[in-house]
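A.B. asks: Below are the structure tokens for one structure; questions will follow.
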Amino acid sequence: MFQTETIIALGSNVGNSIINLRSAVRELNKIGHISKFANIYISSPYGYKYQSNFYNTAIILKTNQQPLQLINSIQKIERKLKKNKRIVNGPRSIDIDIIFFGTSKFHYNNLIIPHPRAKERDFVLYPILDIKPFLLHPVEKKSINQLSKELTNKYIIKKNNWGIPFVF
């Protein structure tokens, strides 16, 4: 069956964020094949300011799942890992977002692909730059590289030159 290359963004700022990211990646690898890992970026909070810094990364996940099935799988992973989000853009142990699903555009209820705010967030775009810099945004018709140069708000504090390639 055809595998769609998806770009998934991950973030954490509650508990041991590195372990949380590793656990999420391990679970995501069960619903597809992870072909690339981005570096981990530490960023100041977006939105709700009274919280710890976030650890952010991205992966390329090749999957046979369609968007609704994939978001359901992701939400199960978030529940298993106790996302415990209580405030919009607030603290959480894990956050997993579908940023791109191949070159598709998809909108059903609250699921919008490409992620509608990804183009505004350096902590989403920079990890994608690590793994697929010339990816063309299907709505903006610009590369990730170009979109990153157009950013006005900066949240990234530090780039760690190591990602999360794990033994699964």
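Each value in this text was obtained by applying a stated rule to the coordinates, not by laboratory testing. In this text, all values refer to a predicted model and were calculated from it rather than measured experimentally. Ideal geometry is used to build each Cβ from the backbone, glycine not excepted, and the neighbour counts take in all protein chains shown.
A.B. asks: Counting only C-alpha contacts under 8 Å and six or more residues apart, can you give the relative contact order of region 4-160 as a whole percent?
C.D. replies: Values: 317 pairs, mean separation 47.6, N = 157.
Computed value for region 4-160: 30 percent relative contact order.
A.B. asks: Students often get this wrong: which residues of region 89-109 have the backbone nitrogen under 13 Å from the point 7 angstrom along Cα-to-C-beta of Gln75?
C.D. replies: Answer for this model: 108-109.
A.B. asks: Of Lys36/Lys62; Lys36/Lys154; Lys49/Lys149; Lys80/Lys119, which sit over 21 Å apart, Cα to Cα?
C.D. replies: Working: Lys36/Lys62 10 Å; Lys36/Lys154 25 Å; Lys49/Lys149 25 Å; Lys80/Lys119 29 Å.
Cα-Cα > 21 Å for Lys36/Lys154; Lys49/Lys149; Lys80/Lys119; rest within.
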